[in-house]
Amino acid sequence: MFALLYLLLATSNAWAEHEPPPESTTILFTSLGSRSVYAFDIFTLPLPIADDDTPNSSEELQITDGSSINFNGHFPSPSSSVSLLSLLPNQTFIRFPEEHNSATITVVYATEREGSSNIYFDIVDYGSSRSTTSGSEIEVAPRVQVPLLKGNNIGVSFKDKPSVTGDCLVYVSTHEDPGKARASWAAVYSTQLITGLTRRLTPYGIADFSPAVSPSGIYTAVASYGERGWNGEVGVLSTDIYIFLTCDGTRRVKIVENGGWPSWVDDSTLYFHRRNQEDGWISIYRAILHSHNPFKTNSVVIERVTPTGLHAFTPATSPGNYKFIAVATGRPNTEYRHIELYDLVNNRFIELTRLISPQTHHFNPFISPDSARVGYHRCRGASTNKKSSTKFMLENLKSPVPYISLFRFDGSFPSWSPEGDRIAFIESSGVHVANMDGSNWRQVYPGYAFPTIWDPVRPGVVYTSTGPPFASETSQVDIISINVDQVGSFRKLTIDGKNGFLTL
């Protein structure tokens, strides 16, 4: 999507320099995945103090505000929080009412509000509670919310995996064109919070992911393909782990082959996950660095931490805490991903989220600097049945091109009717049509289909191709026409059975 936006932006510049502006244009598109289903927000649980402590749903707090999609959080250190607070209006500290017995939580996170990815920090007071018929309920008090990159010159891009070290924000962004086709735009950057000065830490021609800053702030570790580039795999990625200086990206060295999503516990120890080539389980590993000036790959000691029998991903640590780590797990007896602690002293798992929300996926844990809380993101509870949901997602996005309007739609292969009053789109249950406001939503064809195109002359006629998904090239795929204003009115237009995408 973002590559498309940059193409449009370049086109806009050409218009401005050489030709008069064209007539306005509207682009309707869909994002991968269903926004109404994975409505992510960031939640937190207190970590157990005693061995017999078990979490309950009344202890889980929703930190982010339920607006848009919020994910991949980070609890800043107390010193970094001071830098964040200096960004508040008039550089004043927030003061919560005394009657709330203020207990504040500060979180930095990625969000897609206003239509494109940005990074925010929130300060929320959860200091009071009230009794309800269903038990004790947390009452959310004042919230302070600040976009950390607002007004920065990095433009429209995907921004992710933020962390704050001192007065700098370290994150992934896709705002620079790599200069060649089929190459990732992802790179790690550092932006000074006060001045907005931004520095690229990833070498040009390289893609880096999932940056983790060491407790001292001196080093940053990333998952990266390095110069070899992406091999085309999906699901479990075959990245390596590189380390470099946070200040300028120099002294870059690969310390782990086949490792992903690093997390530091001190400046000599980090955790990561990888798939074990012998038994197939994705497990957490520990890398111990015995040399720093400079780092030497052959001096790194790698140890497997979690046992076989379940998958463990995306480890999270707290500075100086050698007693436990937090991980996302995939256990054989459930299809859902959950957050658990792994006790490094007793070598055992301590379940957390499955005990309070067993049928919801939970992702990317992160631990507070004092090891008192674990955060993660999950669906905030929006309906997964879009027909019964009041949220019909047609989202108008801010476009970098003044003559083009962008609309994100929550459905596959959407297309406007010639009159601009209806949308045809694909669901797993077939072809559907709805008005722009979500009314008159109905299925018009029950079979599996691909694109949708409206006939520009015949009112109410939509064309699509239908057949088995991801099947062999010999499978039968035909073009059909559908009269969406007559129930069950569709007919096959082709006879040879090997027809795919279509256009008018």
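Quick notes
- Listed pairs Lys180/Lys398; Lys161/Lys254; Lys161/Lys323 exceeding 23 Å between Cα atoms: Lys180/Lys398; Lys161/Lys323
- Taking amide H atoms as placed 1.01 Å from N in the peptide plane, the amide H of Leu148 lies under 5 Å from those of Ile119, Tyr120, Phe121, each 5 or more residues away in sequence or on another chain.
- Projecting label points 7 angstrom from Cα along Cα→Cβ for Trp441 and Glu278 puts them 5.2 nm apart.
- Relative contact order for the range 214-263: 40 percent, from Cα pairs under 8 Å spaced at least 6 residues apart, divided by residue count.
- By average C-beta atoms within 10 angstrom, highest first, the peptides 45-52, 476-483, 259-266: 259-266, 476-483, 45-52
- Working ranking of peptides 175-185, 366-376 by packing, defined as the average number of other Cβ atoms within 10 Å per residue, highest first, is 366-376, 175-185.
- Label sites at Arg200 and Val487, each approximated as a point 7 angstrom past Cα along Cα to Cβ, lie 5.9 nm apart.
- Positive-end residue of Ile288, Gly226, Ala212, charge dipole of the range 207-362 with Cβ unit charges: Ile288
- Between Asp177 and Glu303, the distance separating the two model label sites (each 7 Å from Cα on the Cα→Cβ line) works out to 4.9 nm.
- Residue by residue, the range 186-196 carries 3J(HN,Hα) couplings of 5, 8, 9, 10, 10, 10, 6, 5, 7, 8, x Hz when phi is fed to the Karplus relation 6.51 cos²θ - 1.76 cosθ + 1.60 (θ = phi - 60°); x denotes Gly or Pro.
- Evaluated with a Cβ-only charge set (Lys, Arg +1; Asp, Glu -1), the range 264-371 carries a dipole of roughly 160 debye about its Cα centre, given to the nearest 20.
- Per-peptide average of other Cβ atoms within 10 Å, ordering 437-449, 204-216 highest first: 204-216, 437-449
- The range 220-308 - percent of accessible surface contributed by carbon and sulfur, probe 1.4 Å: 51
- Alpha-carbon centroid distance for the pair the range 415-434 / the range 308-346, whole angstrom: 43
The values are calculated or read from the model by the stated rules, or taken from the named source; none is laboratory data. From a predicted model like this one, the values you see are computed outputs, not experimental measurements. Cβ atoms come from the backbone with ideal geometry, glycine included; neighbour counts cover every protein chain shown. Just the protein is used for accessible areas: all its heavy atoms, side chains included, with ligands, DNA and RNA removed. Shrake-Rupley method; radii C 1.70, N 1.55, O 1.52, S 1.80 Å.
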